[in-house]
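The values are calculated or read from the model by the stated rules, or taken from the named source; none is laboratory data. Owing to the predicted nature of the structure, the values given are computational and were not obtained by experimental measurement. Neighbour counts run over all protein chains shown; Cβ positions are idealised from the backbone, glycine included.
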Amino acid sequence: MRAEPQAAPYRADPQILSLADWLGDPVEAADFPKQQLRFRNRRWDRAVGLQDLPEEQWLAHFGAFEPLPDNLPQPLALRYHGHQFRVYNPDIGDGRGFLFAQMRDGAGRLLDCGTKGSGTTPYSRTADGRLTLKGAVREILATEMLEALGAYTSKTFSVVETGEDLWRGDEPSPTRSAVMVRLSHSHIRIGSFQRLAVLEEDDHLRALVDYCLTQFPGPPPPEDAPGRDEPAAIFLHHVVERLADLAATYMVSGFVHGVLNTDNMNITGESFDYGPWRWAPQWQPSFVAAYFDHNGLYAFGRQAEAIRWNCAQLAIALRRICDAEPLMAALDRFGECYKQATMRRFCWRLGVTSRGEEADFKLIQSAERTMVDSKISPDDFFFRHRGGRDAEGDLAEALQGYEATDLTHEYWAQGAVQSMQIDEVETLWAAIAERDDWAPLENKVAALRRMGDALGEPLAPAGHVTA
Ligand code: AMP
Ligand code: MG
C-alpha cells in the first residue's frame with residue numbers, strides 16, 4: 001500500500017512576494033459565465049488543509065479566484081522566456097495561467113497553486129487565455145497515471161467547467177471550457193533564468209538562485225566538484241540531478257511528454273504542463289506524441305537528450321554569475337545521474353531488489369529487447385513480469401538471483417492491467433462530450449490510484465533534501 005499524502009493544516013506562505021516586482025505581473029482572472037466543479041483532488045486537498053472547504057467556497061477560490069487567507073493579494077502572471085523546439089522565444093510567459101497561492105505541505109515544503117485557463121494576461125499574445133475542458137480532463141489523466149507510476153509530478157488539484165465556447169484547431173469546435181488549478185513545488189522554470197540572463201538582470205539571477213536554494217534545498221555537490229561552494233553551481237548540480245531523474249522517470253513510465261521546451265522544465269524536477277502527451281504503445285524510441293513535432297525532437301527515446309540540452313541552457317544562463325568550469329562539471333553529471341536513476345526506477349517498477357549496476361544494466365537491456373521483440377506495451381511488460389515472474393529465455397536469465405519486493409496486492413493477481421493509451425483517453429472523453437457522463441473518468445482515476453497502491457511507496461525524487 002501507499003501512504004496517503006500527509007495531512008496538514010492550511011499554512012499560507014507567499015514567499016514569491018519578495019521577488020514579485022520583477023518575476024511577475026499582477027493580473028485578474030476572467031469572469032466566467034458558469035462555474036461547475038468537475039474534479040476536486042481528494043488525495044491532495046487534505047495535504048494543504050483544504051479538505052473541509054465547502055463547495056461554494058472551493059468555487060470562490062478555484063473558479064473565481066478570490067484570494068485565499070493571508071496569501072497572494074492578487075494573482076501573479078509569471079515572466080519567462082524559453083526555447084521552443086530549440087528556437088528562442090522572448091514573447092512567452094504565463095499567457096493563460098498565473099500563480100494564485102503558495103502554502104507549506106505537511107513536510108514543510110513550499111507548494112504553488114498555479115492555474116491553467118484562467119484568462120488573458122500580458123503574455124497571451126493573440127490567444128484567448130483559456131483551456132478546453134478536454135485539455136483539463138487529459139491533464140487529470142496524465143497526472144493521475146504518472147503519480148500512480150511513482151513519478152514526481154504536479155497534481156491536478158481542481159477543474160471547474162466555465163461555460164464558454166472555445167475554438168481550437170485540434171478539437172472539434174466549438175468545444176467546452178474549463179479552468180484548472182495545479183499543485184506543484186514551484187513554477188520556476190529554466191526559462192525564468194533564461195529571461196533574466198537575456199535581459200542582463202544579474203542581481204535578479206542571483207536572487208532567484210538564492211530563492212531556489214532556500215526554498216527547494218538539495219544535497220551538496222560531490223566532494224571533488226570544482227567551485228562547489230558557488231551558489232549558482234550548487235543550484236545547477238541540484239537541477240541536473242532532478243531533471244536526469246525526471247528523464248529516467250519518463251522512460252520507465254513509457255511516457256512521452258511531447259513538449260520538452262525550456263519553459264516547461266520546472267527547476268524542482270517536477271513534471272508539469274501536460275499538452276499533447278501520449279503513453280508509448282510499444283517500446284519504440286521513435287514514437288512521437290505531439291502532432292506538430294515533425295522532426296521527432298521530443299520522441300520517446302530522445303527525451304533524456306532533450307532534457308540534458310535544457311540543462312545546458314540553464315548553465316548558459318547561469319554563466320553570467322558563475323565561472324564556466326563549475327557549471328560544466330555539474331552538467332557533465334547528467335549522463336551518470338540518468339543511468340543511476342534509470343536502474344533505480346526500473347527495479348522499482350518491476351518490483352525487484354537491485355543487484356548492482358552490472359546486473360541491473362543487463363536486466364534493462366534484456367527487458368528492452370523483450371519489449372521490442374514481443375511488441376508488448378511497457379505497461380503489459382511490467383505487469384506480466386512483476387517481481388521477476390513469468391520470464392523465459394534471455395529475460396529469465398537476466399532475472400536470475402533477483403528477489404521480488406512485493407507481490408501481495410491483489411492487483412497483481414488480476415488481469416486488469418492499467419494503461420493510458422490514446423483510444424481509452426478518447427473513450428473517456430467521449431462519455432463526457434456526448435452524455436456528460438463523468439463516471440468512467442471517476443472510475444479510471446480510482447483504478448489508477450489502486451494501481452499506485454499496488455506499486456507501493458514511490459521512490460524519493462533525486463536532488464532534494466527534506467528537513
Ligand atoms: P505551452 O505550450 O502550453 O507550454 O504554452 C507556451 C506558451 O503559450 C505559454 O506562454 C502559454 O502561456 C501560451 N499559451 C498557450 N495556450 C494559450 C492560450 N490559449 N492563451 C494564451 N496563451 C497561451
Ligand atoms: Mg508551458
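Remarks
- Restricting GLY191, GLY135, GLY163 to those that are among the small types (Gly, Ala, Ser) and closer than 20 Å to LEU428 by Cβ reduces the list to GLY135.
- Only listed residue being away from ligand 1 (no atom under 16 Å from the Cβ) and in a strand (DSSP E or B), chosen from GLN102, GLN74: GLN102
- Scanning region 172-200 for residues that are free of Cβ contacts under 8 Å to residues at least 60 places away in the same chain and of a type in the set (A, V, I, L, M) turns up just one, LEU199.
- Pairs with Cβ under 8 Å, 6+ apart, first in region 416-427 and within 14 Å of ALA439 (Cα to Cα), second surrounded by 12 or more Cβ atoms within 10 Å (Cβ to Cβ) and aliphatic (A, V, I, L, M): VAL425/LEU141
- Residue within region 320-330 that is free of Cβ contacts under 8 Å to residues at least 12 places away in the same chain and among the small types (Gly, Ala, Ser) present: yes
- In region 238-266, the residues that are in contact with a His (Cβ under 8 Å, 6 or more places away or on another chain) and within 16 Å of ligand 2 (Cβ to nearest atom): ASN261, THR262, ASP263, ASN264, ASN266
- Tally of residues being in contact (Cβ under 8 Å) with a residue 12 or more places away in the chain and more than 16 Å from ligand 2 (Cβ to nearest atom) across region 270-294: 12
- Comparison of ASP112, ASP105 shows that the only residue that is at pLDDT below 95, more than 13 Å from ligand 2 (Cβ to nearest atom) and among the acidic types (Asp, Glu) is ASP105.
- Flag if ALA60 is under 14 Å from ASP273 (Cα atoms), away from ligand 1 (no atom under 11 Å from the Cβ) and out of contact with any helix residue (DSSP H, G or I) (no Cβ under 7 Å at 6 or more places or on another chain): no
- Residue match in region 280-291 (condition: among the aromatic types (Phe, Trp, Tyr), within 16 Å of ligand 1 (Cβ to nearest atom) and within 24 Å of GLY114 (Cβ to Cβ)): no
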